[in-house]
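> Just passing along the structure, written as structure tokens.
The values are calculated or read from the model by the stated rules, or taken from the named source; none is laboratory data. Because the structure is a prediction, the values reported are computed rather than measured. Cβ: placed from backbone, ideal geometry, glycine included. Neighbour counts: every protein chain shown. We work out accessible area using only protein heavy atoms, side chains counted, and drop any ligands, DNA or RNA first. Shrake-Rupley method; radii C 1.70, N 1.55, O 1.52, S 1.80 Å.
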Amino acid sequence: MGIKNTILRLIGEWSDSSSNPGKDTRRPDSLLCGVAQPSDFPKFKETLERILTENIIPFWYPQVMDMAEGGYRLNHDLRGRWKGRANKRLVTQARTLWFFSRLTETEYGTAEHLEAAKHGYEFLREKLWDEEFGGFYWEVNSRGIVTKPDKQLYGQAFALFALSQYALVSGDPKAATLARELFTLLENRARDQRYGGYREFFQRDWKLPPEDSGGYIHASATVKLMNTHLHLLEAMTIYYLLTGDRVARERLIELIFIQSNAVVRKTIGACTNEYRENWMPLNGPANDRVSYGHDLENLWLLSDSCNAAGVSSGPLLDLCQTLFQYSLRYGFDREQGGFYHTGPINAPADGREKIWWVQAEGLVGALKMYELTRDNVYIACFSRTLDWIVRHQTDWQHGDWHAQVSEKGRISGDKAGAWKSPYHNGRAMIECLGWLRPFS
């Protein structure tokens, strides 16, 4: 069966009755999606604009600005109420800095958002940067005192990503210099010259930790993670656009190869997360699992990274279709739309909660696949995922998106915290709106 017919079978025909029709008086009914076809692009654009400008931006700005102690205060409960002072983690401080920086490049950003980005950059530079050994601490307390000093590459990736974006939009030479310093540090300290890619975890002084130690993201320090290299790919893309550095382009192409080859289980058509230093996959029930959101994110970031590096993404089209088809087969909710969280290899999802960031990546991934193929079946998936987001993931009363919605509709998770920021859903709105702009 061809991929088009397979996807059509998996998604089913779009109808407005496919989602729960229960009335939510807080949700603008005009945002509901209808027939899935390119003629609906202007309607999609209006929907995305309203989510970005009426739901996402007002939640994050200005309330997350910590004017007393610096950086962003990211500790808000399910209803968006601030819970008080909390530690500040590199990952979400950098992601929020990136969001405000990227927003200023769009028609939806303002001078105030650029100031918000500057505010976050200053905290990153002054409190999270390790002046003695270089690189960024994993976490500090609310006042900027170090609580977790070791160097996790996942965090360094987001620091490079945010610094590069901020340097591009602000023109601040000091930010560009710090980005270059971090890139050089990763090149000299973290890159695996034998097997390619990067080692995951280091002590504060960049010495390798004991083999039996674990990093800050619940994995052995000796493994390599698809997730880390996915975000190194994203960071290297924007860093190369900032600097045009020849070595950065070489690393970008290496990361493209890793994300399109090393982390892909060839006989399965999906990626898994944990690998040995030589890129042999870790096996067993805990490792033989697929994160649909990461696969969907991977395919569209690969395409964008190829464009940045000046190489064709054409040879990756079959891979992108394969990754998308797998997530549709096992991870897509054919009744209500949207993607589940995770599942075992070659079996339906068993982690059937709907996570905010997975929906965001599904949205961008579907639109990217339409861009690459011009096949309307991807617009059907985009439309149904957007419908789920509008109806169930978006919190029209308290702002931003619900972190998690269970299969039975139970909402849980904080609006802002150590892992939740405006990065995934804000980026999805910006990316999709940029692509849809010519059709409005």
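> Could you give the length gained on full extension between Trp419 and Ala347, defined as 0.36 nm per residue of separation minus the Cα-Cα distance, in nm?
On the way: separation 72, 0.36 × 72 = 25.92 nm, distance 2.79 nm.
Using 0.36 nm per residue and subtracting the Cα-Cα distance, I get 23.1 nm.
> Sorted by mean Cβ packing within 10 Å, highest first, what order do the peptides 260-269, 106-115, 246-255 take? Intermediate results must be reported in sequence, preceding the final value.
Numbers: 260-269: 16.6, 106-115: 14.8, 246-255: 18.4.
Descending mean neighbour count gives 246-255, 260-269, 106-115.
> Okay, moving on. Given axes a ≥ b ≥ c from the Cα gyration tensor, I'd like to know whether segment 96-230 is rounded (a/c under 1.5), prolate (a/b larger than b/c) or oblate.
Numbers: a/c = 2.06, a/b = 1.74, b/c = 1.18.
The shape class here is prolate.
> With every protein chain left in place, what is the accessible area per residue of segment 143-236 in square angstrom, probe 1.4 Å? Provide the component values of the computation, followed by the final result.
On the way: 3710 Å² over 94 residues.
In whole numbers, segment 143-236 has 39 Å² accessible per residue.
> For segment 47-131, what does the alpha-carbon gyration tensor say about shape, rounded, prolate or oblate, given a ≥ b ≥ c as the root eigenvalues, a/c under 1.5 as rounded, and a/b over b/c as prolate?
Numbers: a/c = 2.20, a/b = 1.28, b/c = 1.72.
It is oblate, given that a/c is not under 1.5 and a/b is not larger than b/c.
> Quickly rank 292-299, 172-179, 160-167 as a protection proxy: mean count of other C-beta atoms within 10 Å, highest first.
Values: 292-299: 26.6, 172-179: 17.6, 160-167: 28.2.
For the peptides 292-299, 172-179, 160-167, the packing ranking is 160-167, 292-299, 172-179.
> Order these peptides, 181-189, 381-389, by their mean beta-carbon neighbour count within 10 angstrom, highest first.
Working: 181-189: 17.9, 381-389: 26.7.
Output ranking for 181-189, 381-389: 381-389, 181-189.
> How high is the FRET efficiency between Arg276 and Lys83 when r is their beta carbon distance and R₀ equals 35 Å, given to the nearest 0.05? Before the final figure, lay out each step's value.
Values: r = 40 Å, r/R0 = 1.14.
E between Arg276 and Lys83, to the nearest 0.05, is 0.30.
> Another question, then. Whole Å is fine, so just give me how far the alpha carbon centre of segment 194-208 lies from that of segment 73-122.
Value for the Cα centre distance between the two parts: 29 Å.
> Taking the Cα-to-Cβ direction at Asp192 and at Glu250 and moving 7 Å from each Cα, how far apart do the two end points lie in nm?
1.9
> Exceeding 26 Å between C-alpha atoms, which entries from my cross-link table qualify? They are Lys83/Lys354; Lys148/Lys207; Lys266/Lys408; Lys83/Lys207.
Details: Lys83/Lys354 24 Å; Lys148/Lys207 15 Å; Lys266/Lys408 34 Å; Lys83/Lys207 37 Å.
Violating the 26 Å Cα-Cα cut-off are Lys266/Lys408; Lys83/Lys207.
> In percent, how large is the relative contact order of segment 160-237, given Cα pairs closer than 8 Å and 6 or more residues apart? All intermediate terms of the calculation are to be shown ahead of the outcome.
Numbers: 66 pairs, mean separation 20.3, N = 78.
Once normalised by length, the contact order is 26 percent.
> Using only C-alpha positions, report the orientation-averaged shadow area of the convex hull of the chain, nm², one decimal.
Values: hull surface 78.6 nm².
Across all orientations, the chain yields a mean hull projection of 19.6 nm².
> I would also like to ask the following. So, with a 1.4 angstrom probe, what is the percent of accessible area on the chain that is carbon and sulfur? Present the calculation step by step, with values, prior to reporting the outcome.
On the way: 8130 of 17050 Å².
That fraction is 48 percent.
> I need the shape label for segment 281-440. Rule: rounded when a/c is under 1.5, else prolate if a/b > b/c, else oblate, with a, b, c from the alpha carbon gyration tensor.
Working: a/c = 1.58, a/b = 1.15, b/c = 1.37.
In terms of gyration-tensor shape, oblate.
> So what does Trp401 come to for accessible area, using a 1.4 Å probe and Å² rounded to 10?
Accessible area of Trp401: about 0 Å².
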